[in-house]
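Report on one structure; see the data block that follows.
The values are calculated or read from the model by the stated rules, or taken from the named source; none is laboratory data. Because the structure is a prediction, the values reported are computed rather than measured. Every residue, glycine as well, gets a Cβ built from its backbone with ideal geometry; the counts of neighbours run over all protein chains shown.
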């Protein structure tokens, strides 16, 4: 299966502004690209690339004053298979976890593990440790949190989502990640492209999507508390502790968003 991905994003900047970009396909997806990504910045400014501590490709620019436009297009090859699963995947004892995984048990900006630890214990102690417990968490978040773009807030944390019971996809993931960590299951945030492939077409405009990954049985598994079903065609862009680590654009100054279009669609052969 081939999937067309890309975006067209425009900001208005009142002054020259340093910006940090995470608008690239994740390096683990490079082998599936059918040709290079075509990221363009208009007006052109040079970009300095580096790889951060989570393995994400990042760019640094100083954008000119006025309108700056980011466009990208690429084609990725995908297996066409739903997210992998293994109900027998076991939860590790904390003292058996690899050192590099431990940070995904800790509280972070949007995932206040300490504040929801008792809540998680009361809700999920009954579920068998491992795969069953993670799915109990996904089921609970999916059933108890209402989705709506009107509920989006840049400052909303897992505790806020638990209290308000509403949010966007990142909020579903923050709450599920926090519950997993509270139950000693390493969990990390992920973002990227997810089109309506193999599911009914959504009437809403296409957007980037969030999901999360848990460490069970010696490997990372994809989970999604918003959709709560295995999906086809996820194209990873970035991973981190929570949304702080994977902000797709960060402006170190005033940046007014004027346009935001995302494309994720299967290329069909007839």
Would you check which residues across region 239-270 are surrounded by 13 or more Cβ atoms within 10 Å (Cβ to Cβ) and closer than 22 Å to residue 34 by Cβ and list them?
261, 262, 263, 264, 265, 266
Determine, yes or no, whether residue 84 is in contact with a helix residue (DSSP H, G or I) (Cβ under 9 Å, 6 or more places away or on another chain) and closer than 20 Å to residue 212 by Cα.
no
Residue within region 142-158 that is part of a strand (DSSP E or B), surrounded by fewer than 17 Cβ atoms within 10 Å (Cβ to Cβ) and within 18 Å of the chain's Cα centre (by Cα) present
yes
Read through the list (1) in the same structural domain as residue 154 (by TED's automatic domain parsing); (2) touching a helix residue (DSSP H, G or I) at 6+ places or on another chain (Cβ under 7 Å); (3) exposed (fewer than 15 other Cβ atoms within 10 Å of the Cβ), then give the number of the only condition that residue 126 fails.
(2)
Sort out which residues of region 116-138 are farther than 18 Å from residue 172 by Cβ and assigned to a helix (DSSP H, G or I), and write them in order of number.
117, 118, 121, 122, 131, 132
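Is it the case, given these coordinates, that residue 171 is over 17 Å from the mean Cα position of the chain (by Cα), in the same structural domain as residue 220 (by TED's automatic domain parsing), crowded, with 17+ Cβ neighbours inside 10 Å and under 21 Å from residue 240 (Cβ atoms)?
no
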Those residues of region 171-201 which are out of contact with any strand residue (DSSP E or B) (no Cβ under 9 Å at 6 or more places or on another chain) and farther than 24 Å from residue 137 by Cβ, in sequence order
200, 201
Residue among 226, 239 that is closer than 29 Å to residue 259 by Cα, in the same structural domain as residue 157 (by TED's automatic domain parsing) and not in a helix (DSSP H, G or I):
226
Applying the selection to region 98-115, what residues are under 20 Å from residue 218 (Cα atoms) and outside any loop (DSSP other than H, G, I, E, B)?
99, 100, 101, 102, 103, 104, 105
Residues to consider are 35, 66; find the one that is modelled with pLDDT under 95 and closer than 27 Å to residue 262 by Cβ.
35
Scan the strands (runs of 3 or more DSSP E) fully inside region 1-51 and keep the ones with 3 or more residues being more than 30 Å from residue 268 (Cα to Cα).
2-13, 17-21, 48-51
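This table checks each residue for (1) closer than 25 Å to residue 28 by Cβ; (2) loosely packed, with under 13 Cβ neighbours inside 10 Å; (3) assigned by TED's automatic domain parsing to the domain that holds residue 25.
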| residue | (1), (2), (3) |
| --- | --- |
| 61 | yes, no, yes |
| 66 | no, yes, yes |
| 71 | yes, no, yes |
| 76 | yes, no, yes |
| 86 | yes, yes, no |
| 89 | yes, no, no |
| 98 | yes, yes, no |
Could you tell me which residue of region 159-171 is nearest to residue 195 (Cα to Cα), considering only residues that are without any contact (Cβ under 8 Å) to a residue 40 or more places away in the chain and assigned to a helix (DSSP H, G or I)?
171
